[in-house]
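The values are calculated or read from the model by the stated rules, or taken from the named source; none is laboratory data. What you see is a predicted model; the values in this text were computed from it and never measured. Please note: Cβ atoms are built from the backbone with ideal geometry, for glycine as well, and neighbour counts cover all protein chains shown. For the accessible areas, the whole protein counts, side chains as well, though only heavy atoms, and no ligand, DNA or RNA atoms are used. Shrake-Rupley method; radii C 1.70, N 1.55, O 1.52, S 1.80 Å.
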Amino acid sequence: MRFARFLYQNEIHWGIVDHDQVQVLRGSPFELWEVTNQRIPLSWVNLLPPCTPSKIVCVGLNYRDHARELGMPLPEEPLLFLKPPSSVIGHGQKIIYPPESNQVDYEAELAVIIKEKISRATEEEVKSKILGYTCGNDVTAKDFQKKDGQWTRAKSFDTFCPLGPFLAVDLDADDLRIELKVNGEIRQQSSTKEMIFPVPRLVSFISSVMTLYPGDVVMTGTPPGVGPLQVGDVVSVEIEGIGILTNEVVAFGPPDGKARPFS
Ligand code: ZN
């Protein structure tokens, strides 16, 4: 089952996705919910990110095929870093290319959405506290990642964390096809079975460092094929059972929300 969080007639709703329609819920998938009789065509709504995280916890190198590509040894434990909640955007929203950077890369990632508070939980315990999964793009200013020696600036620009389009529940994350396209051309293609640390291990490990709260997101690392984005590109992340997260890259513009024409 897939849930959508969306804006319709100036109100935020949750719904269940049914082909090209969404069936509106009372409540949210994080709590008790029930379906209403209201059905809206998906094309009439603005999709929002499928959660409002207090933090986004990310993992560095976590795909065996990516480690092979980089010629790096497999890590002994997950390497963690954070992205701020202010970097989150939804499907169809624009990634703003920061004027300070000269290299902005895409990274397709499976994003885990937390359902219940988790602290120092075992791999077995975390399984019932995960609500579901969405597609994520860990957009990164690669030049600042190298220059700064740590990753906060590179990973944290506004719009650098597209999440969506839907929240998929009842999904087995052990072997899902993950793919990223730029302007329709495949750049990344792998399976979540290539993960070095699978989802329960990651969530358990993170919970031993920081308490995870409902709506928090764990980004589980990217497969091989990472590369740069240019202004005007359309980037999409597709994960089996979830959907396709698509975002266009635009130049930074004035604060009226309109992008400055790129020249
Ligand atoms: Zn990443």
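So here's what we get for this one:
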{"read-out": "Options 238, 125: the member that is touching a residue at least 40 places away in the same chain (Cβ under 8 Å), in contact with a Lys or Arg (Cβ under 8 Å, 6 or more places away or on another chain) and charged (D, E, K, R)", "value": "238"}
{"read-out": "Top-ranked residue in region 204-215 [being away from the ligand (no atom under 16 Å from the Cβ) and open to solvent by less than 10 Å² (accessible area, probe 1.4 Å); ranked as farthest from the chain's Cα centre (by Cα)]", "value": "207"}
{"read-out": "Per-region count, region 50-60, residues within 14 Å of the ligand (Cβ to nearest atom) and surrounded by fewer than 18 Cβ atoms within 10 Å (Cβ to Cβ)", "value": "1"}
{"read-out": "So residue 53, is it under 15 Å from residue 167 (Cα atoms) and either outside any strand (DSSP E or B) or without any contact (Cβ under 8 Å) to a residue 60 or more places away in the chain (or both)", "value": "yes"}
{"read-out": "Residues of region 76-104 that turn out to be within 15 Å of the ligand (Cβ to nearest atom) and under 28 Å from residue 214 (Cα atoms), as a count", "value": "10"}
{"read-out": "Boolean, residue 11 is open to solvent by 20 Å² or more (accessible area, probe 1.4 Å), modelled with pLDDT under 95 and either farther than 30 Å from residue 193 by Cβ or out of contact with any strand residue (DSSP E or B) (no Cβ under 6 Å at 6 or more places or on another chain) (or both)", "value": "no"}
{"read-out": "Residue match in region 64-84 (condition: closer than 30 Å to residue 23 by Cα and either assigned by TED's automatic domain parsing to the domain that holds residue 27 or touching a strand residue (DSSP E or B) at 6+ places or on another chain (Cβ under 7 Å) (or both))", "value": "no"}
